[in-house]
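Computed from the coordinates by the stated procedures, all read-outs in this text should not be read as laboratory data. For clarity, every value in this text was computed on a predicted model and none was experimentally measured. Reconstructed Cβ throughout: ideal geometry from the backbone, glycine too, with neighbour counts over all protein chains shown.
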Protein chains: 2
Amino acid sequence: LATIALDAMGGDFAPVETVAGAVDASGRGVEVVLVGDREVLAAEIAKHEVDIPIVDAPETILMGDDPAKALREKPNASITVAARMVARGEAGGVVSAGSTGAAMAAAAIIIGRIKGVARPSIASIFPTPNTPTLVLDSGANPEVNATQLYQFAVMGAIASEALLGASNPRVGLLSIGEEKGKGRAIEKAAFELMEASHLNFIGNVEGRDVGTDRVDVIVTDGFTGNVFLKTTEGTARLVFSYLAEELAGLSDAARAEAMPALQRVADMLDYETYGGAHLLGVDGAVVISHGSSTRKSIANALVMARDAVETDIASRIRERLG
Amino acid sequence: LATIALDAMGGDFAPVETVAGAVDASGRGVEVVLVGDREVLAAEIAKHEVDIPIVDAPETILMGDDPAKALREKPNASITVAARMVARGEAGGVVSAGSTGAAMAAAAIIIGRIKGVARPSIASIFPTPNTPTLVLDSGANPEVNATQLYQFAVMGAIASEALLGASNPRVGLLSIGEEKGKGRAIEKAAFELMEASHLNFIGNVEGRDVGTDRVDVIVTDGFTGNVFLKTTEGTARLVFSYLAEELAGLSDAARAEAMPALQRVADMLDYETYGGAHLLGVDGAVVISHGSSTRKSIANALVMARDAVETDIASRIRERLG
């Protein structure tokens with residue numbers, strides 16, 4: 001069932017941007033259901049030319065709420081209802097730009113882990129000119145063990161192949177030196193597991209390999225992965241801000257040419273190209289979007305979730321790890 | 001004693017660039033002694049107009065050697081002899097672009113840890129338009145505990161104030177969310193220690209704070225710190241390469257203006273501005289330079305080491321942690 005339940009109340013710009021994103025995704029052939037306050041969503045969808053079904057979910061989980069507690073106490077929150085639709089087979093996947101903690105808890109508790117998967121993992125997509133790089137775990141699991149890292153590698157390779165078009169994806173372990181034996185005890189143990197596996201394991205990779213065409217799947221714990229991704233974001237922003245300042249001093253004619261070039265590079269690195277990150281290891285397609293997601297991100301996230309349903313990522317993971 | 005012993009045989013471009021760097025530093029008032037193969041160094045220094053004293057050290061530690069073993073087996077290696085000069089009071093500090101492991105081992109074993117310091121730490125300097133940011137540990141200690149993180153914070157604050165001109169340096173703990181309680185068990189424990197201390201602790205910082213004017217000292221374990229720094233390097237290189245490609249398509253006139261602007265930003269982020277990283281917590285000034293250090297880096301590293309001797313960083317650390 002390729003229907004995607006959109007948590008239409010989640011995110012900084014909900015419901016305006018979430019509903020607009022759903023409209024765009026619908027135009028791209030995604031079957032979307034809007035989940036949230038019926039009255040609010042009906043008013044919002046009325047601004048558009050297309051009609052998208054609404055499933056009522058009058059409660060809201062706030063960013064400050066304790067995720068697991070909020071799930072229990074708010075059975076009619078939009079993310080809770082959306083996850084339940086997947087659990088009941090009424091939808092194949094969920095997209096949410098609301099609290100990441102709540103989306104993860106809803107996925108783990110309501111949709112459920114795939115048997116054999118110790119920890120579901122958030123796999124973020126880093127844009128590159130060729131096959132984008134998948135980075136996991138990007139924040140769901142700050143502290144893991146080597147077996148869990150190995151499972152992240154397996155799930156990442158499946159997703160890279162099915163969703164990003166890598167053939168026999170190259171898997172690298174994020175460490176602090178290329179040679180085997182570099183890193184902490186956990187990297188040393190995970191290296192052994194990956195080396196002995198069916199994976200196309202290329203060994204350790206480093207922070208400086210970001211965006212190069214060396215690796216398709218970068219595996220690390222959720223703490224390091226989160227630092228890694230936020231550092232790429234911060235550094236790119238830093239370079240752009242320095243450049244914008246320098247370009248301001250150019251002649252009008254030169255600036256008129258250089259600024260669009262800068263913009264093209266910024267677009268190439270724009271995280272909105274990918275509307276969110278895949279939560280792998282749960283029994284359905286779950287895409288977690290940035291809290292500041294706009295129409296464009298939401299539409300792209302819905303397409304990602306549809307692709308994850310259609311390529312049946314969950315079954316492939318179950319076959320390998322279940 | 002402000003004499004700096006330069007491991008003139010260490011680094012990819014030794015002895016040509018190391019000796020040239022020593023000549024430049026000498027021109028900037030640094031008292032340098034070249035340590036290494038006397039014949040090789042005498043021939044090299046003869047190419048320059050100034051004379052710099054040489055201390056003979058005919059053995060060489062290779063990048064692949066086990067550091068501690070090499071120190072024992074090669075008592076006349078350049079890094080061993082240079083460290084011994086500090087231990088004997090014949091020099092105030094050492095600069096090496098050779099094997100980082102060997103330099104760290106020589107510093108810990110021959111020069112010695114400051115009493116009370118559990119682990120010496122490599123503090124790298126991240127360039128910013130204002131006060132540069134110190135990042136530690138940047139690779140010496142992949143696995144640490146909360147008390148050691150706290151000691152890194154103390155040593156980093158001392159170095160930031162004495163060497164980088166920060167007044168009451170703002171110390172941040174690298175984590176995966178700004179709020180207290182974000183991160184792993186170690187960050188939670190270190191947060192408590194720093195919060196209760198004399199430090200100007202601003203709480204957690206994130207990868208995306210890199211290069212902003214929010215924080216003077218970023219504290220983390222050596223694994224995360226190394227990933228963080230290499231990721232900034234990789235991302236900046238990635239953005240520059242995309243930009244260079246885009247700018248190549250501009251008109252000649254626009255390109256002639258835009259390329260120097262790009263170069264100015266690259267220069268601003270150039271790690272060679274700082275010739276190396278300070279090893280803090282040992283009983284002397286130790287600056288560890290990049291293996292690919294050029295004349296410019298080596299000269300800057302020698303100035304850094306001289307400044308560390310003159311501001312007596314080691315005594316300040318001893319006073320606080322000894």
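What does the charge add up to near B:Ile61, with Lys and Arg as +1, Asp and Glu as -1, over the other residues with Cβ less than 15 Å from its Cβ?
Net charge in that neighbourhood comes out at -3.
What is the average number of partner chain Cβ atoms found within 10 Å of a Cβ in A:173-185?
Partner-chain Cβ atoms within 10 Å, mean over residues of A:173-185: 3.
Using the beta-carbon distance between B:Ala42 and A:His198 and R0 = 56 Å, what value does 1/(1 + (r/R0)^6) give for FRET efficiency, to the nearest 0.05?
0.45
Roughly what would the spin-label model give for B:Glu178 and A:Ala118, points 7 Å off Cα along C-beta, in nm?
3.4 nm
Within a 10 angstrom radius of each residue's Cβ in A:239-249, how many Cβ atoms of other chains show up on average? Whole number is fine.
Mean shielding by partner chains, rounded to a whole number: 6.
When the dipole is taken about the Cα centre of the protein assembly as shown, and only Lys, Arg (+1) and Asp, Glu (-1) are charged at their Cβ, what size is it in debye, to the nearest 20?
For the protein assembly as shown, the charge dipole is close to 1420 debye.
Compute the label-point distances linking B:Glu179 to its equivalents in the other copies; points lie 7 Å from Cα along Cα→Cβ; give nm, one decimal, shortest first.
Label-point distances to the other copies, shortest first: 4.4 nm.
Assuming a viscosity of 1.306 mPa s and a temperature of 10 °C, what translational diffusion coefficient in µm² per second does Stokes-Einstein assign to region B:228-320, Rh being the Kirkwood radius over Cα pairs?
Once the numbers are plugged in, D ends up at 101 µm²/s.
Provide the net charge surrounding B:Gln148, with neighbours chosen by a C-beta distance below 11 Å and charges set as Lys +1, Arg +1, Asp -1, Glu -1.
-2
Taking θ as phi - 60°, what are the ³J(HN,Hα) couplings along region A:151-167 by the Karplus curve (6.51, -1.76, 1.60), each to the nearest whole Hz, with x for Gly and Pro?
5, 4, 4, 5, 5, x, 5, 4, 5, 4, 5, 6, 10, 10, x, 6, 10
Of A:Thr235, A:Thr18, A:Thr100, how do they rank once you tally other Cβ atoms within 10 Å and put the fewest first?
Neighbour counts put them in this order, fewest first: A:Thr100, A:Thr235, A:Thr18.
If you consider only alpha-carbon coordinates, what radius of gyration and Dmax does region A:1-139 have, in Å?
Rg and Dmax of region A:1-139, Cα atoms, are 15.3, 45 Å.
Would you please give the residues with an amide H less than 5 Å from that of A:Val205, counting only those at least 5 places away or on a separate chain, with H modeled from the backbone geometry?
For A:Val205, whose amide H was placed from the backbone, the distant partners under 5 Å are A:Leu173, A:Leu174, A:Ser175.
What is the fewest-to-most order of A:Phe152, A:Phe13, B:Phe191, B:Phe228 by other Cβ atoms lying within 10 Å of their Cβ?
Fewest-to-most Cβ neighbours within 10 Å comes out as A:Phe13, B:Phe191, B:Phe228, A:Phe152.
Listing B:Arg72, A:Arg84 from the residue with the fewest other Cβ atoms within 10 Å to the one with the most, what is the order?
B:Arg72, A:Arg84
Can you list the copy-to-copy distances for B:Gly116, using a point 7 angstrom from Cα toward Cβ, in nanometres, shortest first?
Label point to label point, same position, other copies: 5.6 nm.
So if R0 is 35 Å, what FRET efficiency would B:Glu90 and B:Thr147 give, r being the distance between their Cβ atoms, rounded to the nearest 0.05?
Here the calculated transfer efficiency is 0.55.
Given points 7 Å out from each Cα along the Cα-Cβ axis, report the A:Ala185 to B:Asp66 separation in nanometres with one decimal.
2.0 nm
Distances from A:Gly89 to the same residue in each other copy, label points 7 Å out along Cα→Cβ, in nm, shortest first?
8.6
Amide H neighbours of A:Thr133 under 5 Å, at least 5 residues apart or on other chains, H built in the peptide plane: list them.
It is A:Phe126, A:Thr128, by chain and number.
Report, as an integer, the average count of C-beta atoms from other chains found within 10 Å of each Cβ along A:310-317.
0
Does region A:137-236 come out rounded, prolate or oblate by the C-alpha gyration tensor, with a ≥ b ≥ c the root eigenvalues, rounded set by a/c under 1.5 and, if not, prolate when a/b is larger than b/c and oblate if not?
rounded
Around B:Val282, which amide H atoms from residues at least 5 apart in sequence, or from another chain, sit under 5 Å from its own amide H, with H modelled in the peptide plane?
The list, which skips near neighbours in sequence, is B:Ile114.
Let me make sure I get this right: for region A:68-118, a, b and c are the square roots of the gyration tensor eigenvalues over alpha carbons, sorted descending. Under 1.5 in a/c it's rounded, otherwise prolate if a/b > b/c, else oblate. Which is it?
Oblate, since a/c reaches 1.5 and b/c is not below a/b.
Spelling out what I want: for every residue of region B:301-310, take phi, set θ = phi - 60°, compute 6.51 cos²θ - 1.76 cosθ + 1.60 (Karplus), and round to whole Hz; glycine and proline get x.
Here the 3J(HN,Hα) series is 5, 5, 5, 4, 5, 4, 4, 5, 5, 5 Hz.
Round to the nearest 0.05 the FRET efficiency obtained for B:Glu245 and A:Ala248 when R0 = 22 Å and r is the Cβ-Cβ distance.
Taking R0 as 22 Å, the efficiency between B:Glu245 and A:Ala248 is 0.50.
Which shape class, rounded, prolate or oblate, goes with the protein assembly as shown when its Cα gyration tensor gives a ≥ b ≥ c as root eigenvalues, a/c under 1.5 marks rounded, and past that a/b bigger than b/c marks prolate?
prolate
Helix-derived [θ] at 222 nm for the protein assembly as shown: sum -39500 (n - 2.57) over DSSP H runs of at least 4, divide by residue count, nearest 500?
Taking each H run of at least 4 residues, the total per residue is -14000 deg cm²/dmol.
In whole Hz and in residue order, list the ³J(HN,Hα) couplings for region A:68-79 that follow from phi through the Karplus curve 6.51 cos²θ - 1.76 cosθ + 1.60, θ = phi - 60°; x for Gly and Pro.
5, 5, 4, 4, 5, 7, 10, x, 10, 6, 4, 5
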